[in-house]
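**Q** What follows is a structure written as structure tokens; I'll ask about it next.
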Amino acid sequence: MIRRFVTGTPLDTEAVLHKPEPTDSAVPYFEKTERGFTYRLDKDDVVYGLGENVRGINKRGWVYESCCVDEPNHQEDTKSLYGAHNFLIVSGRERCFGLFLDTPGKVKFDIGYTHYDRMEIIMEDDSFELYVIDADSPDEVVHEFRSVTGRSYIPPKWAFGFGQCRWSYYTADEVREVARQYRENHIPLDMVYLDIDYMERYKDFTVDRKAFPDFEELVAEMKEQGIRLIPIIDAGVKVEEGYDVYEEGVENQYFCKDGDGEDFVVGVWPGKCHFPDMLNDEARRWFGHKYKFLLDKGIEGFWNDMNEPAVFYSEKRLKRIFEQLEKYKTMNLDVNTFFEFRNLVSTVSGNPEDYRSFFHNYKGQKIRHDKVHNLFGYYMTRSASEAFDELVPDKRILMFSRASYIGMHRYGGIWMGDNKSWWSHLLMNLKMLPSLNMCGFLYTGADIGGFGADATQDLLLRWLALGIFMPLMRDHSAAGTRRQEAYAFDDTQSARDIIGLRYRLIPYIYSEYMKAALKDEMYARPLGFVWGDDPIAVHVEDQLMIGESIMIAPVYEQNAAGRVVYLPEEMKLLRFAGTEITEERVLEKGHHYISVGLNEVVIFLRRGHILPLSSRAERVDQIDWENLELHHFADDGAVYELYDDDGVDREVTLEGHIRTLAV
Ligand code: MIG
């Protein structure tokens, strides 16, 4: 049962498509406070949710803030990341319910941080919509919630292949070289991503013809090899006379305005920029249609970046800083003035004051940006997706974003934003997946190997061994860091084998993904969703169920030769090395130490279930879906419903696409 409570005059974010009639009664379970609500947490309550954020699968014991931010250096004490997903599930002895707070401004979720037995929700805006979803289990809460927020984004089938990205593939020849290395080393690959380097001076919808003179040919040549090029699009439009996107935007009033009614000037990649007003219907339509420039060149996928939106500086702040710096020039900087001076410069980026200094035109209404901050990335991605509906109605386009809000899950996936080549971020990748799935974001994954900092061979291999289960599987790194392509380290064989296993798993992964999307379910689930009555399973933070048949328990510690795995029931261990199975063994319910070599992947198969595997392939379109090996843990027989389709048609239904496999 879903109940909807409306307070004040909230803006319609269009996160929820099918809204129940609002209820006048008091919000159940919670006590009203001045700026929000509190809830008494029972000792055994588990709190799931919040999508893209730090810390555990169980969110209890920390404070989080919904506010899309560019935070590449996030650690345990961070409170906000790139997305803002105000959906939670409280699962306890007494009750199980979900909560969605639909408000595009900042929200603070103190989940047993200030007081361990209390959850407090504090909002900036006093207009909001609140949904309370009662159900018997977390799984059902998710299903109910998802059935009102609309179907999750469905990418083309080839987007379940492996992708290589790096910020600093500066030329067409470097892109060719990456492809050559993959093909010559027989490491499967379906995508090479183009970062900002392909653009002319970081201008959206341009190509740097010096570095990429034969862009169209490059696209075609790569596609011959079964590799799609996926360019990045940034939120800021460069201020430059003669640049069509800039000029059209200015002429038609499509950019966000500052307090004086001038186009707001913000510094991002290209230097001075304007933000297209993604909340303005007309501007959004205009911006979305700009993607045609690249679609016409044979491009079939994009990633939207910097759309929190990230702000390096605002022109006004920069001016003020320079003025104030003058006074420090002649000063003897002491303990006070030095920190003042340093603060002045270090708070230049992402300054909250700047987010209060520009405006949107939302359906004719002037709205200050901070009030709708969390919608920007959502509406940018929506802009592209709605344009694709018109421009390419007959095929799916790959699209994922950095910033997001619930509702955006209908228009695209997300990657988990900038991370680091840290073991802790590998584990965070695992925890974030189910939390995002709850919110509707099924097509997601982290930068494998870590974006910032230097990767090592063992980190990359362990991360790949987790990454093969992510719907979005992409290796990505920042300019200036150590190279971390799958062929970059000595042990290319293990990388080839682990990625090779991904391709053997694609029929299962695609099938589980599509069923989850079409049935409003999750693709990856915490163990507590499946074994809610098992107090050990409920608190497992480093294992996941992937689809209906398998459980994973990746190694995420440096130099660990294996790990302890908890089995909530008897399961069958499948050990893969060199993409072949080297061990099959039934294990009892309980804790087990499982050794896992750097070249290995261990999968746990549930009783009564089947894991279909294809033979090896180096690109998605070469996977043989007909001759599948059916691994199973079913003495009395079992069936598996395999979903398959042509992978591009936008009309997707379960009907007509399910094949029943039986053992
Ligand atoms: O501020 O385009 O998260 O994936 O490589 C950095 C350069 C801008 C941030 C993205 C990252 C991308 C990078 N971008």
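The values are calculated or read from the model by the stated rules, or taken from the named source; none is laboratory data. Keep in mind that this is a model prediction, so the values were computed, not measured. Please note: Cβ atoms are built from the backbone with ideal geometry, for glycine as well, and neighbour counts cover all protein chains shown. Protein only, heavy atoms only, side chains kept; ligands, DNA and RNA dropped before computing areas. Shrake-Rupley method; radii C 1.70, N 1.55, O 1.52, S 1.80 Å.
**Q** Give me the accessible area of residue 639, 1.4 Å probe, in Å² rounded to the nearest 10.
**A** 90
**Q** Tell me, in nm to one decimal, what length is gained between residue 33 and residue 209 on full extension, where the rule is 0.36 nm per residue of separation less the Cα-Cα distance?
**A** 57.5 nm
**Q** On to the next question. What spacing in nm lies between the two simple spin-label points modelled at residue 589 and residue 170, each 7 Å away from Cα in the Cβ direction?
**A** According to this spin-label approximation, the distance is 6.1 nm.
**Q** Could you tell me the accessible area of residue 519 in Å² (1.4 Å probe, neighbours in place), rounded to the nearest ten?
**A** Counting only protein heavy atoms, the figure is 70 Å².
**Q** Let me ask something additional. Got a sec? What order do 289, 18, 476 fall in by accessible area at 1.4 Å, biggest, i.e. largest, first?
**A** 18, 289, 476
**Q** Here's a follow-up. Taking the Cα centre of the chain as origin, sum charge times position over the Cβ atoms of Lys and Arg (+1) and Asp and Glu (-1), and report the length of that vector in debye to the nearest 20.
**A** Details: 77 positive and 113 negative charges, 181 e Å.
The dipole magnitude comes to about 860 debye.
**Q** Put +1 on the Cβ of each Lys and Arg and -1 on the Cβ of each Asp and Glu in the chain; which of 212, 194, 267 then has its Cα farthest toward the positive end of the dipole?
**A** 267
**Q** Just the number, please: carbon plus sulfur as a percent of the accessible area of the chain, 1.4 Å probe, no ligands or DNA/RNA counted.
**A** Answer for the chain: carbon and sulfur cover 47 percent of the accessible area.
**Q** Could you sort 285, 35, 40 by accessible area so the largest value comes first, with the probe set to 1.4 Å?
**A** 40, 285, 35
**Q** Would you compute, from DSSP H runs of 4+ residues alone, the mean residue ellipticity of the chain at 222 nm, taking -39500 (n - 2.57) per run and dividing by the full residue count, rounded to the nearest 500?
**A** Values: 16 runs with 170 residues, N = 663.
One gets -7500 deg cm²/dmol as the mean residue ellipticity at 222 nm.
**Q** At 0.36 nm per residue, minus the direct Cα-Cα distance, what do residue 217 and residue 351 gain on full extension? Give it in nm, one decimal, please.
**A** Answer, rounded to one decimal: 44.0 nm.
**Q** Taking the inverse of the average 1/r across all pairs of different Cα atoms in the stretch 595-663, what Kirkwood radius in Å do you get?
**A** 14.3
**Q** If I take the Cα coordinates of the stretch 127-188 and project them onto the principal axes, what are the three extents in Å, biggest first?
**A** Per principal axis, max minus min of the Cα coordinates gives 55, 31, 17 Å.
**Q** Compute the length gained on full extension between residue 622 and residue 330: take 0.36 nm times their separation in residues and subtract their Cα-Cα distance, giving the result in nm to one decimal.
**A** 98.3 nm
**Q** Hey, how many Å between the Cα centroid of the stretch 455-495 and the Cα centroid of the stretch 196-272?
**A** When both Cα centres are located, 29 Å separates them.
**Q** Starting from the stretch 591-645, pick out the trypsin sites (Lys or Arg not before Pro) whose DSSP state is loop and whose Cβ has at most 16 other Cβ atoms within 10 Å. Could you put the intermediate results ahead of the total?
**A** On the way: sites: 606, 607, 616, 619; in loops: 607, 616, 619.
The qualifying sites are 607.
**Q** Compare 125, 394, 258 by solvent-accessible area with a 1.4 Å probe and give them largest first, with all protein chains kept in place.
**A** My answer, sorted largest first, is 394, 125, 258.
**Q** Say each of residue 93 and residue 78 gets a label point 7 Å from the Cα, pointing the same way as Cα to Cβ; how far apart are those two points in nm?
**A** The modelled label-to-label distance comes out at 3.7 nm.
**Q** Is the stretch 535-584 best put as rounded, prolate or oblate by its Cα gyration tensor, with a ≥ b ≥ c the root eigenvalues, rounded for a/c under 1.5, and otherwise prolate when a/b is larger than b/c, oblate when not?
**A** Oblate shape, in that a/c is at least 1.5 and b/c is the bigger or equal ratio.
**Q** The stretch 199-259: which trypsin sites (Lys or Arg not before Pro) are DSSP loop and have at most 16 other beta-carbon atoms within 10 angstrom?
**A** 201, 209, 210
**Q** In this model, which of 32/371; 238/316; 43/108; 203/297; 106/420; 79/519 are farther than 24 Å apart at the alpha-carbon?
**A** Going by Cα-Cα distance, 106/420; 79/519 fall outside the 24 Å limit.
**Q** So which DSSP H runs in the chain come out at 30 Å plus along the axis (Cα) with average Kyte-Doolittle of at least -1.0?
**A** 492-519
**Q** Now, a different point. Accessible area per residue for the chain in Å², computed with a 1.4 Å probe and the full protein assembly in place, what is it?
**A** Per residue, the chain has 37 Å² of solvent-accessible surface.
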